[in-house]
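Working notes, beginning with the structure itself.
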Amino acid sequence: MRPVKRNLVRTSCLVTLYQLRAAAADLKTCLVPGCIFVYLYAAVSPVRDFIASSGEKAAPCLFVFLFSDVNLAGPLLAGMLLFAMDAPFYGRDRLFSFLRAGRGAWVAGQALFVPVLAFLYTSFLLLAGTLLLFPGIEFSNRWGKVWTTLAMSDAWAEFGLTIRVTTNILFNYTPAEALAAAFLLVFLVCTFYGFLSWMLNLIVGQAASLVVCLADIVIVARVWYFPEWTRNLVPSAWTDLAAITSGSLKMDLAGAAWRLGAGIVLTAAVSIAVTYRSDIGK
Amino acid sequence: MERKETVSAEGLVKYFGSEPVLRNVSFSVEAGTICGIIGRNGSGKSVLFKCLTGLYIPDSGKVRIDRDSLGALIEEPGFLLHYPGLRNLVYLMEIGGKVRRDAAEEAIRLVGLEPGDRRPVRKYSMGMRQRLGIAQAIMEDPDILILDEPMNGLDNEGVRDMRELFISLKNKGKTLLIASHSREDIEILCDRVYEMDKGRIALVR
């Protein structure tokens, strides 16, 4: 029986699917989201307290404001790094999938896995942000009293909220628009760090790559004290929709998306090219 | 009767850093035969096989092999440990382009395992994983098989079964290239034997 002629796109997608199946059975897949959920639960308990005390229900928009807290943004994005740090994912099963896919499709499949991973991780954060509001949640496309009060009064200080609910988001976006914009930013940032991790794994080794990527992520807690130009080097800061909308980052949403897109294309191109020309799994 | 060469390497050179691991390796395997490569650990057999399968890129030299009809088992078999054996093989077949569940089941039976075994691979013994690795190499009916230490972890009965299997595959016209440190396996199975030592290869018979 001769094998079927390979279709590059189809085979790459199947390699990605195989990688997803491997990831599904990995302990990290339960452990990392579990730990992040517990961490988030504690971090957003003031929001839940406020919702409970107000007697109102909130639109499911917590995700939009999570990244305004720099001490929260770092750990949330670091979670993505824990999944991407093994890129290009030389598992012990690489031989079997590689043989069937061929070099081109195998590398392309691993590359496709990074944005898929980023999408799934961002979706998890969105879902976590939604679940954490239960039972005080109302699926509506209006900001409602909860978010409006948090934006326009000092209730956030009274309840000890560390996330900032800002009027510039409420006035410039509907809840659905804000969620979509925040999702896009976080997805692009996660994808960028995935490919950056891959590229640095190949060039400087996994240990150094992890240090550099992690440092770039967690420096978001301090970047606002540094000169303005340094914020261009810290994509983790671009997940804060409020900072983008207010102009603090000197770029709008489209500008941030373009820069991230360019960064993704560059790091992905280098990663793919170097991997394609390398010994697989050495 | 002169047979066509289905696998050949010419002047293969491979370095790891500045250290040569393959030194001008040239050999060929005729269609429908079993060729053995014998050598100690570290002699370069696995590196050679990785160059043949495309995992490694040689620094110079040529490899001629039809990778579209190739089955291989190199190093320890690596499967998705939380899934049963049959499911692992089906997932791999998907990547290859055509899923024939009956072929995967037949391959599992041929290596002495049970297709209906629902245990995850992480519960398999080393010998069972090795058998499953051989099953994944043969399930798509490739014309060429590259097997690196296929008898690893097998008991005497398993070794006998695999010898019979390899001979039956040869009789069907398949080409097998087997690496082993066991001279007995090589003597019993192989029509042609090469020996590798420190990255060099020499024809023995």
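The values are calculated or read from the model by the stated rules, or taken from the named source; none is laboratory data. All values derive from a computational prediction rather than experimental measurement. Note that each Cβ is placed from the backbone with ideal geometry, even for glycine, and that neighbours are counted across all protein chains shown.
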(request) Scan segment A:17-45 residue by residue and report those that are within 14 Å of chain B (Cβ to nearest Cβ), crowded, with 17+ Cβ neighbours inside 10 Å and under 18 Å from the mean Cα position of the chain (by Cα). (result) A:Ala23
(message) Checking the conditions here, which among A:Ser271, A:Ser278, A:Ser246, A:Ser197 is at pLDDT below 95 and either touching a Phe, Trp or Tyr at 6+ places or on another chain (Cβ under 9 Å) or within 29 Å of A:Ser12 (Cβ to Cβ) (or both)?
(response) A:Ser278
(message) Name the residue that is farthest from A:Ala242 (Cα to Cα), counting only residues in segment A:170-195 that are of a type in the set (Val, Ile, Thr) and part of a helix (DSSP H, G or I).
(response) A:Thr191
(request) Check whether at least one residue in segment B:133-143 is touching a Phe, Trp or Tyr at 6+ places or on another chain (Cβ under 7 Å) and not assigned by TED's automatic domain parsing to the domain that holds B:Ser26, and report yes or no. (result) yes
(message) Let me confirm something: among B:Leu48, B:Leu113, B:Leu81, B:Leu92, which residue is part of a loop (DSSP other than H, G, I, E, B) and within 14 Å of another protein chain (Cβ to nearest Cβ)?
(response) B:Leu81
(message) For segment B:65-78: of the residues being at the interface with chain A (Cβ under 7 Å from one of its Cβ atoms) and among the hydrophobic types (A, V, I, L, M, F, W, C), which is nearest to A:Gly102 (Cα to Cα)?
(response) B:Leu70
(message) Please count how many residues of segment B:95-104 are at the interface with another protein chain (Cβ under 7 Å from one of its Cβ atoms) and either part of a loop (DSSP other than H, G, I, E, B) or over 30 Å from B:Phe27 (Cβ atoms) (or both).
(response) 2
(request) Within segment B:116-144, count every residue that is assigned to a helix (DSSP H, G or I) and more than 14 Å from chain A (Cβ to nearest Cβ). (result) 3
(request) Six or more apart or on different chains, Cβ under 8 Å: which pairs go from a residue in segment A:79-101 that's touching a residue at least 24 places away in the same chain (Cβ under 8 Å) and more than 7 Å from every other protein chain (Cβ to nearest Cβ) to one that's among the basic types (Lys, Arg) and assigned to a helix (DSSP H, G or I)? Could you list them? (result) A:Leu82/A:Lys28; A:Phe83/A:Lys28
(request) Out of A:Trp198, A:Trp258, A:Trp229, report the one residue that is assigned to a helix (DSSP H, G or I), within 23 Å of A:Phe124 (Cα to Cα) and not β-branched (Val, Ile, Thr). (result) A:Trp198
